[in-house]
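Peer 1: My questions will all concern the structure given below.
The values are calculated or read from the model by the stated rules, or taken from the named source; none is laboratory data. From a predicted model like this one, the values you see are computed outputs, not experimental measurements. Cβ atoms come from the backbone with ideal geometry, glycine included; neighbour counts cover every protein chain shown.
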Amino acid sequence: MKKVMTCPKVSIIILNWNGLEDTIECLESLKKITYPNYEVIIVDNGSEGNDVEVLRQRFGDYIHLIENDKNYGFAEGNNIGMRYAFQNLNPEYLLLLNNDTVVSPHFLTELVEVAKNDGDIGIVGPKICYYHEPQTINFAGGVLLRRIGQPFAIGLHQTDSSRYDILKEVDFIAGCALLIGTEVINRIGLLDPDYFAYAEDLDWCVRAKKAGYRIMFVPRAKIWHKGSSTLGLMSPAYMYLSARNRILFVKKNATILDFVFLFVPYFIVIRIIRPLFLLSIQRKGNAIKALFAGISDGLSHKWGEPRWQR
């Protein structure tokens, strides 16, 4: 009983979408963690192969396995996992974890230790390094320019060093690995499914901040991320979602004046002209079409499931 009280129950939610090998490697690393009070929920988001059968046979009672009939996206896919956790597992914390990650043995212990020691802390996240460059940082906390919808990952592409070993409050934690208290979710709600994928984590963190919670980067918790394993940067799906969802985010979290005088000029230069130049050089016509479709759908309030999923 004492162990359970000092180690709050955590439900770890992992989405799988045609990423069987990544998911297996992630689960194998989770089986080595030192934290004693957790359960793993795998939400298969409509994979096309035999992912569900393989995961069920290989991991048996280690996981709770949910089989979706289609790809509901990152936001609603995780929401399905969270609802299952609330209804069946009664956790105090939920951890969203990308399937293309590998975790260190003590990462969850470090996250929970920070989260549980201050009631004002609502969301915490680990130091994330690149899987193929283990000493290079992918994410060491985030800074968000909310009025233009621009996030910045602290330490991106920098060599890991003591300067990134400071526990500190940040603007956001990446949805790649995000621990949140169930009480926080009860106040601010689940992820917004309108995003489908990308920027829903930013939106969640903004809502938590508005509700009075602090968001903390925990450097002693560490994981490694393969990155862009699902859609791939510069793919049509990514170009569509990043354009559409940035418009959605700013519409939700900035004023009309911010949108017109700050966001629109920034978006035209950085999110239209610049990628158009790069995509034209690479002759990625489908990605260019997807970019403009995303802009069109964002301006016309067409959210949810995207026209481009690959």
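Peer 1: Spot the failing condition for residue 83; the list is (1) under 18 Å from the mean Cα position of the chain (by Cα); (2) part of a strand (DSSP E or B); (3) surrounded by fewer than 17 Cβ atoms within 10 Å (Cβ to Cβ), and only one is missed.
Peer 2: Failed condition: (2).
Peer 1: Which residues, counting only those in the range 231-241, are small (Gly, Ala, Ser) and either buried (at least 21 other Cβ atoms within 10 Å of the Cβ) or modelled with pLDDT of 95 or more (or both)?
Peer 2: 237 - this is the single residue of the range 231-241 that is small (Gly, Ala, Ser) and either buried (at least 21 other Cβ atoms within 10 Å of the Cβ) or modelled with pLDDT of 95 or more (or both).
Peer 1: Any idea which of 128, 121 is in contact (Cβ under 8 Å) with a residue 60 or more places away in the chain and either farther than 20 Å from residue 30 by Cα or not assigned by TED's automatic domain parsing to the domain that holds residue 66 (or both)?
Peer 2: After ruling out the rest, the residue left standing is 121.
Peer 1: Working only within the range 146-170, note down all residues that are aliphatic (A, V, I, L, M) and part of a strand (DSSP E or B).
Peer 2: Answer for the range 146-170, where residues must be aliphatic (A, V, I, L, M) and part of a strand (DSSP E or B): just 153.
Peer 1: Within the range 174-184, can one find any residue that is of a type in the set (A, V, I, L, M), assigned to a loop (DSSP other than H, G, I, E, B) and touching a residue at least 24 places away in the same chain (Cβ under 8 Å)?
Peer 2: There is at least one residue in the range 174-184 that is of a type in the set (A, V, I, L, M), assigned to a loop (DSSP other than H, G, I, E, B) and touching a residue at least 24 places away in the same chain (Cβ under 8 Å).
Peer 1: Here is a further query. Filter the range 53-85 down to the residues that are among the hydroxyl-bearing types (Ser, Thr, Tyr) and either free of Cβ contacts under 8 Å to residues at least 60 places away in the same chain or out of contact with any Pro (no Cβ under 9 Å at 6 or more places or on another chain) (or both), then identify the one that is nearest to residue 121 (Cα to Cα).
Peer 2: Selected residue: 84.
Peer 1: Is it the case that some residue within the range 215-230 is surrounded by fewer than 22 Cβ atoms within 10 Å (Cβ to Cβ) and among the aliphatic types (A, V, I, L, M)?
Peer 2: Checked against the condition, which is being surrounded by fewer than 22 Cβ atoms within 10 Å (Cβ to Cβ) and among the aliphatic types (A, V, I, L, M), the range 215-230 yields no hits at all.
Peer 1: Among the listed residues 124, 143, identify the single one that is in a strand (DSSP E or B), over 28 Å from residue 23 (Cβ atoms) and out of contact with any His (no Cβ under 8 Å at 6 or more places or on another chain).
Peer 2: 143
Peer 1: Could I ask something else about it? Just give me the residues in the range 13-69 being more than 20 Å from the chain's Cα centre (by Cα), more than 21 Å from residue 92 (Cα to Cα) and assigned to a loop (DSSP other than H, G, I, E, B), in sequence order.
Peer 2: Correct list: 32, 48, 49, 50, 69.
Peer 1: Take the range 86-108 and flag every residue that is over 14 Å from residue 31 (Cα atoms), over 19 Å from the mean Cα position of the chain (by Cα) and in contact (Cβ under 8 Å) with a residue 40 or more places away in the chain.
Peer 2: Result: 86, 89, 90, 91, 92.
Peer 1: Could you check the range 222-277 and list, in sequence order, the residues that are touching a Lys or Arg at 6+ places or on another chain (Cβ under 7 Å), more than 19 Å from residue 293 (Cα to Cα) and small (Gly, Ala, Ser)?
Peer 2: Once the filter is applied, which keeps residues that are touching a Lys or Arg at 6+ places or on another chain (Cβ under 7 Å), more than 19 Å from residue 293 (Cα to Cα) and small (Gly, Ala, Ser), the range 222-277 yields only 254.
Peer 1: Suppose we filter the range 99-120 for residues that are over 16 Å from residue 33 (Cβ atoms) and among the acidic types (Asp, Glu); how many remain?
Peer 2: 3
Conditions tested, residue by residue: (1) among the small types (Gly, Ala, Ser); (2) assigned to a loop (DSSP other than H, G, I, E, B); (3) farther than 26 Å from residue 207 by Cβ; (4) more than 22 Å from the chain's Cα centre (by Cα).
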{"site": "234", "(1), (2), (3), (4)": "no, yes, yes, no"}
{"site": "237", "(1), (2), (3), (4)": "yes, no, no, no"}
{"site": "242", "(1), (2), (3), (4)": "yes, no, no, no"}
{"site": "264", "(1), (2), (3), (4)": "no, no, no, yes"}
{"site": "270", "(1), (2), (3), (4)": "no, no, no, yes"}
{"site": "280", "(1), (2), (3), (4)": "yes, no, yes, yes"}
{"site": "287", "(1), (2), (3), (4)": "yes, no, yes, yes"}
{"site": "303", "(1), (2), (3), (4)": "no, yes, no, no"}
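Peer 1: Quick test for you: out of 90, 98, pick the one residue that is out of contact with any helix residue (DSSP H, G or I) (no Cβ under 6 Å at 6 or more places or on another chain) and closer than 26 Å to residue 306 by Cβ.
Peer 2: Criteria check complete, one pass: 98.
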